[in-house]
Amino acid sequence: MGRLSRARKAPLDVVMRARMVELSWNGLRVPAIAEELGCGQKTVRRWLHRFNRSGLDGLEDRGGQGRKRRITEAERSRIIALVKQVPPGRLEVQPGGDLWAADESGPAEWTLDSLAAQARQLGIEVGRSQVRRILLAEGVRWRRTRSWTRSKDPDFAGKGRGSSASTPSRPTARRSSAPTSSGR
């Protein structure tokens with residue numbers, strides 16, 4: 001126990017808990033241990049009781065604590081797969097040159113709101129913020145950027161070049177902080 005309470009390579013919380021047990025073995029009472037280690041008396045009691053029940057294993061954190069996931073991995077995968085599908089409202093050029101959309105009232109681009117709505121239609125109870133967290137964790141893009149810069153129209157002409165460099169730029173005059181009006 002003494003070696004663990006002074007270990008430099010062990011997790012800090014386990015070292016502190018081992019120190020609690022060691023101080024208890026040295027005869028210190030719970031209030032004195034709590035003051036020595038800068039923690040609460042309730043914390044000291046909890047770890048001493050866990051050590052008495054489970055030994056050194058009782059000083060380790062238990063796995064499986066915390067909030068359980070609300071959706072399964074399969075549902076997460078279905079949400080990620082949605083992004084790879086063509087949105088139902090996106091216009092596509094048909095072989096005859098006509099434009100067609102699977103659902104004209106559907107979204108033309110995936111947004112967090114449209115992805116969440118589509119997931120709910122599939123029976124996955126998920127909100128917009130949760131969809132965002134899922135996609136960010138997977139590194140998935142849920143929207144195209146700058147859609148106004150692309151066109152499949154063969155007659156489309158992009159903007160020309162920028163301004164000519166021959167136009168001189170206006171020099172910036174340094175402004176004085178003191179008034180220079182001499183007409184007064």
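Checking segment 88-104 against the condition returns no match, with no residue being free of Cβ contacts under 8 Å to residues at least 40 places away in the same chain and either part of a helix (DSSP H, G or I) or touching a Cys at 6+ places or on another chain (Cβ under 9 Å) (or both). For ALA108, the test of being surrounded by 13 or more Cβ atoms within 10 Å (Cβ to Cβ) and part of a loop (DSSP other than H, G, I, E, B) is passed. Looking across segment 111-124, the residues that are touching a residue at least 24 places away in the same chain (Cβ under 8 Å), open to solvent by 20 Å² or more (accessible area, probe 1.4 Å) and not hydroxyl-bearing (Ser, Thr, Tyr) come down to GLN118, LEU122.
Regarding GLU22, is this residue farther than 30 Å from LEU136 by Cα, of a type in the set (D, E, K, R), at pLDDT 90 or above and surrounded by 15 or more Cβ atoms within 10 Å (Cβ to Cβ)? Answer is yes for this residue.
If you check SER77, SER105, SER24 for being closer than 30 Å to PRO154 by Cβ and polar (S, T, N, Q), only one passes: SER105.
The values are calculated or read from the model by the stated rules, or taken from the named source; none is laboratory data. Bear in mind the structure is a predicted one, so any value in this text is a computation, not a measurement. Neighbour counts run over all protein chains shown; Cβ positions are idealised from the backbone, glycine included. Only protein heavy atoms, including side chains, enter the accessible area calculation; ligands, DNA and RNA are left aside. Shrake-Rupley method; radii C 1.70, N 1.55, O 1.52, S 1.80 Å.
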